[in-house]
Amino acid sequence: MSRSVMNVFFSFYVVLGSVAHADPLPGTRPLDWEGDIASRLVDESDAFLLRRLEESIAGREAFWKRDLSSVEAYEQSLAPQRARLAHILGVRDARVSFEGLTLAGTTARPAKIAVSESIDAFAVSWPAFGDVRGEGLLLLPKRNKPLATVIVIPDADVTPEQLCGLTGGVDAAHQLPRLLADQGCRVIVPALISRDMTKRLNRANLTHREYLYRSAFEMGRHLIGYEIQKVLALVDWVRSTEEDDHRLGVAGHGEGGLLAFYSAALDNRIDAAHVSGFFGSRERGWEQPLDRNVFGLLREFGDAQVAAMIAPRGLSISLTDHPPVTLPGQGGAPATIVTPDPAVARAQFERARQLVRGLGHPLGEDLSLVKPPHWSIEEAPGNHFSPGSRDTLCAMLHLAVGDAPAHEWKLTVDDLSESERLGRQVDELDRHTQDLLRRSPLVRTEFMKGADTSSVEAYETSIEKYREIFRTETIGEFDLPLEEFHARSRQSWETEKWTGYEVVLDVFDGVFAYGVLLVPKGIAPDEKRPVVVCQHGLEGRPTDVFLNDHPAYHDFAAKLAERGFITFAPQNLYIFQDRFRTLQRKANPLGKTLFSIIVPQHQQIVNWLKTLPNVDPERIGFYGLSYGGKSAMRIPALVTDYCLSICSADFNEWVLKNASTQYPFSYIWTGEYEIFEFDLGSTFNYAEMAALIAPRPFMVERGHFDGVGWDEWVAYEYAKVRFLYAAKLHIPDRTEIEFFDGPHTINGQGTYRFLHKHLNWPEPPQ
């Protein structure tokens with residue numbers, strides 16, 4: 001039976017059971033919802049996130065404290081936001097200084113690749129950061145000294161050669177680098193990573209950009225940040241070699257517009273920026289390619305706020321068309337890019353002007369230094385730079401504009417080797433991220449050095465600051481109070497040993513929690529029992545863990561109920577493929593994740609369970625498999641009411657599993673595009689998450705033939721956990737790992753003994 005057919009079957013089963021057995025659990029109201037509650041849960045969470053995205057617009061200014069009394073004071077007041085923007089964009093690696101651009105030629109292929117009457121074109125490269133180099137073209141006017149330097153950044157799917165007119169694809173009127181060089185500017189055109197798609201390890205069909213984004217994001221870096229670093233390395237060079245009055249501008253279209261925009265916001269040594277085909281609203285950025293996903297961007301930075309960071313330097317916005325982009329989602333994230341709405345862009349531009357109104361006037365009167373020609377916005381249809389881009393940039397750089405001489409390029413090489421350059425750049429960035437991955441255990445050790453293991457009591461106190469970082473910066477927390485439960489339930493199943501109730505609880509702002517409570521029969525009225533929360537995995541449902549002996553779960557919630565435990569099986573959000581994966585896309589720009597919703601759902605579940613007359617509130621444990629095991633690492637780390645946690649079929653060297661491009665079990669190769677979490681490499685691998693669970697009991701269940709990882713990596717990461725519990729805290733009996741001869745499944749041997757021991761419930765007679 002297919003998964004989809006099983007889901008329909010179980011939904012139908014629930015409805016039939018509800019009709020036949022509608023009695024609610026004592027103390028709750030009747031649950032009369034029809035249809036698929038899991039689908040409703042995803043829909044309500046989606047609506048909640050869309051509301052929060054819109055509400056973020058009004059909340060951004062609370063983070064800013066602009067001092068408009070002078071340009072100097074204004075620059076100083078922007079320092080926190082510049083640091084924050086650089087961090088979330090992954091602009092974090094030290095750049096490499098250099099004396100000059102490297103001419104990228106060989107004995108077989110000269111660096112000078114083309115000439116015209118007024119310009120020489122060279123293939124060049126330059127050091128950027130680590131061992132990563134930028135590459136592209138240099139256009140030099142045939143005059144003694146360039147009047148200015150302009151870095152012109154093409155869209156991701158346009159090569160420097162196309163933008164300069166050396167190869168086809170861009171007509172002469174839109175070849176901005178050539179037009180600027182004709183006016184006497186030195187022009188550098190960096191090459192970007194393209195959106196070309198290819199099968200990765202013969203599995204997910206990913207663009208080069210998403211492929212590099214995935215591992216970089218896990219390491220607290222970003223493809224956007226990597227490419228900004230290549231631009232800023234050029235800025236470093238220009239400012240170190242030219243006089244202070246040498247004018248420096250950046251311009252970009254499409255993806256290049258994004259990079260020019262953020263580069264100018266981060267670096268006030270750039271005199272002017274021209275942004276084409278990008279400026280607008282970011283609230284629907286979740287529809288765009290995954291490599292544009294920036295964690296926490298919209299808490300502080302809409303396009304208006306970023307534009308205001310460029311003031312009072314020159315900024316021009318060209319409302320040209322963005323080249324249409326549609327990505328099919330064949331293992332990668334489905335995506336589209338459409339041209340920003342001109343009306344929305346104009347509103348953002350006006351908002352930016354208002355944010356800096358009065359800048360530079362000592363009395364703060366209604367006066368602005370940021371007005372044309374320093375700031376401008378214009379409509380210029382077309383999917384490349386508008387013909388007026390040259391004039392606008394020259395005006396901002398204080399250059400006289402003359403007629404562009406008519407000329408033709410003469411190529412001096414037969415092969416421009418664009419594909420070889422792309423391959424080199426992809427490989428370099430991958431190697432850099434993999435180097436970060438190799439060094440990341442040392443970074444995490446340094447990060448966690450504040451945990452005091454001199455005693456269990458000291459540890460519990462010292463670990464709280466890390467729990468707060470995990471809650472607010474890694475998982476993300478919505479600043480909303482939990483609502484009243486308004487618990488609704490209905491009896492939907494009954495066997496000789498237990499009764500099953502569907503339960504719905506309100507959480508906040510339309511979000512609710514849903515799950516199934518299994519109550520063993522024969523509980524005395526005043527008896528208190530332990531509870532095990534039994535969590536399903538990817539695309540799962542509560543029924544999976546107690547009905548029909550699913551091969552991964554083996555009815556473990558029902559079997560535990562038969563052993564006398566009360567069990568609860570929550571419906572988590574990771575169901576319906578792209579419907580839930582886009583929830584992560586909508587949450588990330590807010591600095592949130594799927595677990596920003598799932599964690600409060602579980603807090604509400606635990607709060608409600610504690611009110612039940614037969615529940616011992618001190619004995620509520622968590623046991624999850626696969627994505628439920630992923631939950632077992634994150635939820636109990638934050639919901640401290642869980643007195644223990646068991647991670648089954650998931651525990652791993654988690655950062656390696658997400659960021660490695662070497663191992664076949666890595667998520668780099670799969671369709672789980674929502675799985676990557678920003679900057680775990682520098683903060684919380686699974687050993688560090690387990691450290692947030694300690695000193696509560698923690699166990700790992702691992703099948704030797706489970707494809708989620710390899711035994712040696714699981715054992716490697718667990719050894720750190722064992723060291724903390726046994727050697728540091730001297731509580732070795734509170735942690736265990738069980739390896740068993742099996743696949744991705746609940747084994748239910750050592751874990752059941754662990755539950756009986758630490759939940760203080762007698763094992764059944766053999």
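The values are calculated or read from the model by the stated rules, or taken from the named source; none is laboratory data. All values reported here derive from a predicted model rather than from experimental measurement. As a convention, Cβ positions derive from the backbone with ideal geometry for all residues, glycine included, and neighbour counts pool all protein chains shown. Ligands, DNA and RNA are excluded from the accessible area calculation, which covers all protein heavy atoms including side chains. Shrake-Rupley method; radii C 1.70, N 1.55, O 1.52, S 1.80 Å.
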What's the angle, to the nearest 10 degrees (0 to 90), between helix 79-89's Cα axis and the longest principal axis of the chain? 70 degrees
Which three extents, in angstrom, do the Cα atoms of the stretch 482-530 have along their principal axes, listed largest first? 38, 23, 14
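With both bridge residues required to lie in the stretch 513-659, what share of the DSSP beta bridges run antiparallel, to the nearest 5%?
Numbers: 4 of 18 bridges.
Looking only at bridges with both residues in the stretch 513-659, the antiparallel portion is about 20 percent.
Distance cut-off 19 Å, Cα to Cα: go down the list LYS230/LYS657; LYS465/LYS657; LYS657/LYS720; LYS528/LYS757; LYS592/LYS657 and report the pairs above it. List each step's numbers first, then the result.
On the way: LYS230/LYS657 28 Å; LYS465/LYS657 26 Å; LYS657/LYS720 17 Å; LYS528/LYS757 16 Å; LYS592/LYS657 21 Å.
Correct reply: LYS230/LYS657; LYS465/LYS657; LYS592/LYS657.
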Note to self: Kirkwood Rh of the stretch 529-601, Cα pairs, one decimal, Å, is 13.5 Å
Relative contact order (percent, whole number), the stretch 583-740, Cα cutoff 8 Å, 6+ residue spacing: 20 percent
Rg over Rh of the stretch 533-667, using C-alpha atoms and the Kirkwood radius, what does it come to? 0.98
Exposure of PHE478 as accessible area (Å², to 10), given a probe of 1.4 Å and all protein chains: 20 Å²
Only one of the listed values, (1) 1.06; (2) 1.50; (3) 0.99, was derived from the coordinates as Cα Rg over 2.2 N^0.38 Å; which label is it? (1)
On Cα atoms only, tilt of 255-266 relative to the major axis of the chain in degrees: 90 degrees
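Tell me, what is the percent relative contact order of the chain, built from C-alpha pairs under 8 Å that lie six or more residues apart?
Details: 1596 pairs, mean separation 108.0, N = 766.
The value is 14 percent.
By its C-alpha gyration tensor, with a ≥ b ≥ c as the square roots of the eigenvalues, how is the stretch 708-751 shaped: rounded for a/c under 1.5, else prolate for a/b larger than b/c, else oblate?
Working: a/c = 3.88, a/b = 1.60, b/c = 2.43.
It comes out oblate by the Cα gyration axes.
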Please compute the contact order of the stretch 549-605 in relative form: average sequence separation of alpha-carbon pairs under 8 Å and at least six residues apart, divided by the residue count, as a percent. 18 percent
Give me the accessible area of LEU166, 1.4 Å probe, in Å² rounded to the nearest 10. 20 Å²
Distance in Å, no decimals, from the C-alpha centre of the stretch 150-194 to the one of the stretch 38-77 is 35 Å
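Stokes-Einstein at 4 °C, 1.567 mPa s, Kirkwood radius from Cα pairs: D for the stretch 187-246 in µm² s⁻¹?
95 µm²/s
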Find the percent of Cα-Cα distances in the stretch 85-168 that exceed 23 Å, and round it to a whole number. 33 percent
Pairwise Cα inverse-distance average, inverted: Kirkwood Rh of the stretch 156-232 (Å): 14.4 Å
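Using a 1.4 angstrom probe with every protein chain in place, what is the largest-first accessible-area order of SER455, SER318? Numbers along the way, then the final one.
Details: SER455 40, SER318 0 Å².
Ranked list, largest accessible area first: SER455, SER318.
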How would you rank 709-720, 652-663, highest first, on the average number of other Cβ atoms within 10 Å across their residues? 652-663, 709-720
Could you pull out the GluC sites (Glu not before Pro) across the stretch 22-94 that fall in loop regions by DSSP (anything but H, G, I, E, B) with no more than 15 other Cβ atoms inside 10 Å? GLU34
What whole number of Å gives the distance from the Cα centroid of the stretch 514-565 to the Cα centroid of the stretch 686-708? 21 Å
Using the Cβ atoms and a cut-off under 14 Å, what net charge is assigned to the surroundings of GLY388, where Lys and Arg are +1 and Asp and Glu are -1? -2
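Classify the stretch 561-634 from the C-alpha gyration tensor, please: rounded if a/c falls under 1.5, else prolate or oblate depending on whether a/b exceeds b/c.
Values: a/c = 2.80, a/b = 1.97, b/c = 1.42.
Judged from the Cα gyration tensor, the stretch 561-634 comes out prolate (a/c at least 1.5, a/b above b/c).
Sum up the charges of everything whose Cβ sits under 10 Å from the Cβ of HIS322, counting Lys and Arg as +1 and Asp and Glu as -1, but leave HIS322 out. Can you show the working numbers first?
Values: positive: none; negative: ASP155, GLU255, ASP321.
Residues near HIS322 contribute -3 overall.
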Honestly the stretch 236-284 on the Cα gyration tensor test (a ≥ b ≥ c root eigenvalues; a/c under 1.5 rounded, otherwise a/b vs b/c for prolate or oblate) is just prolate
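Going by average Cβ neighbours within 10 Å, how do the peptides 584-591, 231-238 rank, with the highest at the top?
Details: 584-591: 23.8, 231-238: 21.2.
With the highest mean Cβ count within 10 Å placed first, the list reads 584-591, 231-238.
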Accessible area of the chain belonging to carbon and sulfur atoms, whole % at 1.4 Å probe: 52 percent
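Which value, in Å², gives the accessible area per residue of the chain when a 1.4 Å probe is used on the protein heavy atoms?
Values: 27900 Å² over 766 residues.
In whole numbers, the chain has 36 Å² accessible per residue.
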Any aspartates and glutamates whose Cα falls less than 15 Å from that of LYS728, other than same-chain ones fewer than 8 residues away, would be ASP452, GLU457, GLU460, GLU688
Given the C-alpha atoms of the stretch 18-135, compute the convex hull and give its volume per residue in Å³. 372 Å³
With Cβ to Cβ distances under 14 Å as the rule, what net charge do the other residues near ASP32 carry (K, R +1; D, E -1)? +1
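What number does the stretch 425-526 give for Rg over Rh if you use C-alpha atoms and the Kirkwood radius? Display every interim value, and only then the final one.
Values: Rg = 23.2 Å, Rh = 19.2 Å.
Dividing the radius of gyration by the Kirkwood radius yields 1.21.
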If you consider only alpha-carbon coordinates, what radius of gyration and Dmax does the stretch 597-738 have, in Å? 15.5, 52
